[in-house]
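Report on the following structure.
What follows draws every value from the coordinates through simple rules; no lab data is involved. As the structure is a computational prediction, the values presented were derived from the model and not from experiment. All Cβ positions, even for glycine, are placed from backbone atoms using ideal geometry, and neighbour counts span all protein chains on display.
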Amino acid sequence: MINSDIELLKSQKNFKTAFSILQDVLNGRCPELILLERLYGGKKAKIIQAIIKEYLINADFKNRIVRATNDDAPMEIALARREVENDANYQKIHAAILLDKVPEVKTLETFYGEYAAAVRRILELYAELNLKRKCEISASSHLNRVGACVFQLKMNDTGKYNYSSTAVMHDSIEDLLRLTTSKNGKGIDADKYNAFIDDYIPEDLQNGVKILTNHYNLIISFITGKLKEEDKAFSSKNILAELHTIEKQKPAELIKYVSKMIELIAKIEVEENELDTIKWECYKNLYLEGIAHSTVLKDDHRIYEIKGVDLSDNSHGKGSLSIDARIRNINKNLMWGIKGYAMQSSWKPFNDHIEEVVQDALFSAEFIILSDLLKPDSSMDFMMSTLLKIEKLENVFFVK
């Protein structure tokens, strides 16, 4: 498997030295002075070695199993993403999206078949709302990359366009729907949720799109909007109070997500960055688990695979994210892979995609660390930063 970020770093003359230092630290060893001198020079090497040594005394790396690099891991998702870019119809669709235009139905039919008109309506909404990604390009560019990649991977049922069309709509509910307060001024307007899905998502795709939708983020967005209007803090206490208000309302399909959030938030200990912590705990304990559960229940791995393609695409475009967001993205990919392995599927394409995403997560983590190690200035600072980032990426670097 080839990772373009790592390949770029390999061109630097000190790459092998930096990689050796990283491996030493991961294995709980303080790198030899000669290695550090080669990378940082004789005047800085001793103090950097002292920093590492002091850090490793308190770190718990010695009894950990380092995740092995698999250079032979499949790269079907990455290759499909590259191959589809050469398709003339994909180019027309994507160019239109990037220029804030709406692609023609005829062109969309290449990847989305009988669902092309519905896909166009979704893309039209993105254009009208002018939704952007962190890198400032249209948010629907991500949707089209994921949908077209799923098509290129031949994940659709024979003669159908069901999974590529589900993939292109996977973020549409969360991105486009803004839940509002119900008519009596309390709780969520659940009718708006149902009306949006009925109006914009084809009936036979609704279940798959709903499974892929992060309803927990959708509900949190509603609650934080309400708290902001009332000038209240985004604390777990206030979020729980709003969830209980919604629970009393019993808002149809949304009630199951509300109940799970109440149970989870009541158990977790939150000391700071409460909102971010709650979102993260909901993601890993409820959202991702929900997709995995549906996969096993329905004996249909395609929806879970689509999530993997989505995560892979986010990883591929991670350069515009903050370092914390990049680390969170890498951890998401790893969690998706671990839950996938736990399904113990005998279906080779599914297992190949898991192996690819997990290996890409490891390469992405290595890239973050090695980039810091290879910085020529402020070497002490970057070394300390590196050690702290390894802690945040421990689930990627180490096998539990």
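So here's what we get for this one:
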{"item": "Net dipole in debye of the chain [+1 Lys, Arg Cβ; -1 Asp, Glu Cβ; about Cα centre; nearest 20]", "result": "740"}
{"item": "Cleavage-rule hits, trypsin sites (Lys or Arg not before Pro), region 67-149, DSSP coil, Cβ neighbours within 10 Å at most 15", "result": "101, 133, 134"}
{"item": "Two-site FRET efficiency, residue 54 against residue 134, from Cβ-Cβ distance with R₀ of 41 Å, rounded to 0.05", "result": "0.70"}
{"item": "Theoretical gain in end-to-end length, residue 293 to residue 182 [0.36 nm per residue, Cα-Cα removed]", "result": "36.9 nm"}
{"item": "27 Å Cα-Cα threshold exceeded, pairs from 10/92; 160/192; 92/134; 210/279", "result": "10/92; 160/192"}
{"item": "Calculated FRET value between residue 234 and residue 8, using beta carbons and R₀ = 51 Å, to 0.05", "result": "0.85"}
{"item": "Choice from 312, 385, 11 with maximal GNM fluctuation in the chain (Cα, 10 Å cutoff)", "result": "11"}
{"item": "Principal-axis tilt of helix 288-298 within the chain, Cα atoms, nearest 10 degrees", "result": "60"}
{"item": "Candidate values [x] 15; [y] 21; [z] 8, label of the one derived for percent of Cα pairs over 41 Å apart", "result": "[y]"}
{"item": "Amide hydrogen neighbours beyond the local backbone of residue 188, cut-off 5 Å, H modeled", "result": "182"}
{"item": "Cβ-based net charge around residue 49, under 14 Å, with every Lys or Arg adding one and every Asp or Glu removing one", "result": "+2"}
{"item": "Selected from 127, 382, 208, residue furthest toward positive end of dipole (the chain; charges at beta carbon)", "result": "382"}
{"item": "Modelled label reach - residue 384, point 7 Å along Cα→Cβ, region 21-65 residues with backbone N closer than 17 Å", "result": "44-59"}
{"item": "Estimated FRET transfer efficiency (residue 322, residue 247; beta-carbon r; R0 41 Å; 0.05)", "result": "0.75"}
{"item": "Nitroxide proxy distance, nm - points 7 Å out along Cα→Cβ at residue 346 and residue 262", "result": "4.3"}
{"item": "Residues whose placed amide H lies under 5 Å from that of residue 132, excluding near-sequence neighbours", "result": "139"}
{"item": "Cleavage-rule hits (GluC sites (Glu not before Pro)) in region 202-273: DSSP loop, at most 11 neighbouring Cβ within 10 angstrom", "result": "230, 269, 271, 272"}
{"item": "10 Å-binned pair-distance histogram of region 278-374 (Cα, whole percent)", "result": "15, 48, 28, 8, 1"}
